[in-house]
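Just below is one structure, and these are the notes that go with it.
The values are calculated or read from the model by the stated rules, or taken from the named source; none is laboratory data. Just so it is clear, the structure is predicted and the values come from calculations on it, not from any experiment. Ideal geometry is used to build each Cβ from the backbone, glycine not excepted, and the neighbour counts take in all protein chains shown. Areas reflect the complete protein model, heavy atoms only, side chains present, ligands, DNA and RNA absent. Shrake-Rupley method; radii C 1.70, N 1.55, O 1.52, S 1.80 Å.
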Amino acid sequence: SVGLQFKKILLLSFDYEYIDYSQIRYREDTDLNEMDDVNTALSDYLKPVGNIKTGAELRLGDLSIRGGFTHYGTPYSKNDFNKDAKHYSISSGIGLRVNAFYFDVSYRYSVREELIRAYDYFDSFVDADYSVSKITTTVGFRF
């Protein structure tokens, strides 16, 4: 993570997150190693990813304006039918802080594009592309 602040007016942030999904493991309470096949399949179909998160905030007196972008890497290996899956978010917000009162409103637009195998025994796939919009508000008093 890196964050830069300029004269209490501008804040810039950058985060990089590394996750190795190929190391996911299921465990059984018994000594029968019944999950070995599942764990082998997870190692074959999943891979490490890098996620990137960026943001900025501009303060103009009592008013703050924010924006951000997040890109999540696809955890599916190059041999998987979902190797080109996408997942990202764009966000923005505005906040007002006067004395002990504050009000914030934010908007987030998220997109996810991937395939889902419709049936286990057929090579039939369904596009599971969707987007979600969220608006969040916060009102508060500091005491």
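Below is a table of values for the structure above.
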quantity	calculated
Average silhouette area of the chain, convex hull of alpha-carbon atoms, in square nanometres	13.1
Whole-Hz ³J(HN,Hα) from phi, Karplus 6.51 cos²θ - 1.76 cosθ + 1.60, for the range 62-74, glycine and proline x	7, 9, 10, 10, 10, x, x, 9, 10, 10, 9, x, 7
Per residue accessible area of the chain, 1.4 Å probe, in Å²	75
Nonlocal Lys pairs with alpha-carbon distance under 23 Å, the chain (8 or more apart, or different chains)	10
Amide H partners (placed H, <5 Å) of Leu115, local residues excluded	Ala128
With Cα atoms, 0 to 90° folded angle of helix 36-45 axis to the chain main axis	60
Excluding exposed DSSP-loop GluC sites (Glu not before Pro) (at most 14 other C-beta within 10 Å), longest clean stretch of the chain	35-143
Helical contribution to [θ] at 222 nm, DSSP H n ≥ 4, -39,500 (n - 2.57), averaged over the chain, rounded to 500	-2000 deg cm²/dmol
Gaussian network model of the chain, springs between alpha carbon atoms under 10 Å - residue of Arg108, Arg66, Arg117 with greatest fluctuation	Arg117
Net +/- balance of residues flanking Ser22 in space, Cβ distance below 9 Å, scoring K and R +1, D and E -1	-1
Inter-label distance, nm, simple model (7 Å from Cα along the C-beta direction), Asn51/Ile9	3.4
Contour excess over end-to-end distance, with Cα ends at Lys86 and Phe69 and 0.36 nm allotted per residue	4.7 nm
Span from the the range 68-118 Cα centroid across to the the range 12-63 one, whole angstrom	15
Within the chain: Cβ-based charge dipole about Cα centre, in debye rounded to nearest 20 (Lys, Arg +1; Asp, Glu -1)	1440
³J(HN,Hα) computed for each position of the range 13-29 - Karplus, 6.51 cos²θ - 1.76 cosθ + 1.60, integer Hz, glycine/proline x	9, 9, 10, 10, 10, 10, 10, 9, 5, 5, 8, 4, 9, 9, 10, 10, 7
Spacing of the two label points (7 Å from each Cα toward its C-beta) at Gln23 and Asp129, in nm	3.5
Charge tally in the Cβ shell below 10 Å around Val111, where Lys, Arg are +1 and Asp, Glu are -1, Val111 excluded	0
